[in-house]
Amino acid sequence: MSNTWFENPMIDGTVDGDMLMINDYIGTWHGERDEHAELARLIGDNPGRPVVPSEFGLCEPAFSGGDARREQIFLEKMEAYRQHEEIAGTIYFCLNDYRTQMGEDGEGKYRRRVHGSVTMDGQPKPSYYAVQRECAPFTLQWEQGQLIITCRRDLPGYEMRGYLVELRDAQEKRMGQAVIERLRPGESMKLPAQDAAAAAVYRPTGDCAGIYLIKEMRR
């Protein structure tokens, strides 16, 4: 795992491995650089090898902008990573704030890094829901009274089995549900959703993968 490739790629040790693990803090720790150009250079210099951005995110108070900027950075990075099939996966850093002797916030044993989309006591920040949505293996669209569920072909790309889709009305009452038996990357299914106001999607474990408002998916 490398934290210095953007500064000196000629001597960086990550290029000696089978998989390139690159911490990507372009825009913060690594300065203002062209994200797309740097990724293209990294991939072009190492043809045929998978790349994993092993850290990306925003650390407060070292950098300003708060959670709104954290969400912006997350979305911009994911959009860039999805344009390169050589990027085999990503590691968002990080889900939660944490205590550390390197923390820029707090004092003594309570020093911490405000780096997460969840507080240290487990409370989600607004950016958490963007992370939840973008790390799910599907996208949702609403079109002509139907809910279209598509299994992603980009990051994260894996087939869906046993997911549950629950349609809700404006009072959040359940209107109906459907089980996704199997969707491979790139495949879609449609559900009648004429009067639905929201859709909740649950993983086979029962964990919620997101609640999506129909009005935000209208074309």
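The values are calculated or read from the model by the stated rules, or taken from the named source; none is laboratory data. In this text, all values refer to a predicted model and were calculated from it rather than measured experimentally. FYI the Cβ positions are ideal-geometry reconstructions off the backbone, even for glycines, and counts take in every protein chain you see. In case anyone asks, the SASA skips ligands and DNA or RNA and just uses the protein heavy atoms, side chains included. Shrake-Rupley method; radii C 1.70, N 1.55, O 1.52, S 1.80 Å.
I'd like the distance separating the alpha-carbon centroids of segment 84-119 and segment 10-44, in whole Å.
Measuring centre to centre over Cα atoms gives 19 Å.
With label points built 7 Å along Cα→Cβ from the Cα atoms of Ser64 and Glu7, find their separation and express it in nm.
About 2.4 nm, to one decimal.
Rounded to the nearest 0.05, what FRET efficiency is calculated for Asp16 and Ile91 with R0 set to 25 Å and r the Cβ-Cβ distance?
0.80
With a probe of 1.4 Å, find how much accessible area the chain has per residue, and write the answer as a whole number in Å².
Values: 11970 Å² over 219 residues.
In whole numbers, the chain has 55 Å² accessible per residue.
Considering only DSSP states other than H, G, I, E and B, which GluC sites (Glu not before Pro) in segment 8-71 qualify as loop sites with at most 12 other Cβ atoms within 10 Å?
Working: sites: Glu32, Glu35, Glu38, Glu55, Glu71; in loops: Glu32.
The qualifying sites are Glu32.
In nm, what is the difference between 0.36 nm times the number of residues separating Glu32 and Asn46 and their Cα-Cα distance? Show your work: numbers first, answer last.
On the way: separation 14, 0.36 × 14 = 5.04 nm, distance 2.29 nm.
Gain on stretching Glu32 to Asn46: 2.7 nm.
Grab the other residues whose beta carbon is less than 15 angstrom from that of Leu191, score K and R as +1, D and E as -1, and report the net. Intermediate results must be reported in sequence, preceding the final value.
On the way: positive: Arg168, Arg174, Lys190; negative: Glu143, Glu166, Asp169, Glu181, Glu187, Asp195.
Local net charge: -3.
Loop-only check: which GluC sites (Glu not before Pro) in segment 130-189 are DSSP coil with at most 16 other Cβ within 10 angstrom? Walk me through the intermediate numbers first.
Values: sites: Glu134, Glu143, Glu159, Glu166, Glu172, Glu181, Glu187; in loops: Glu159, Glu172, Glu181, Glu187.
Those that pass, being in a loop and sparsely packed, are Glu159, Glu172, Glu181, Glu187.
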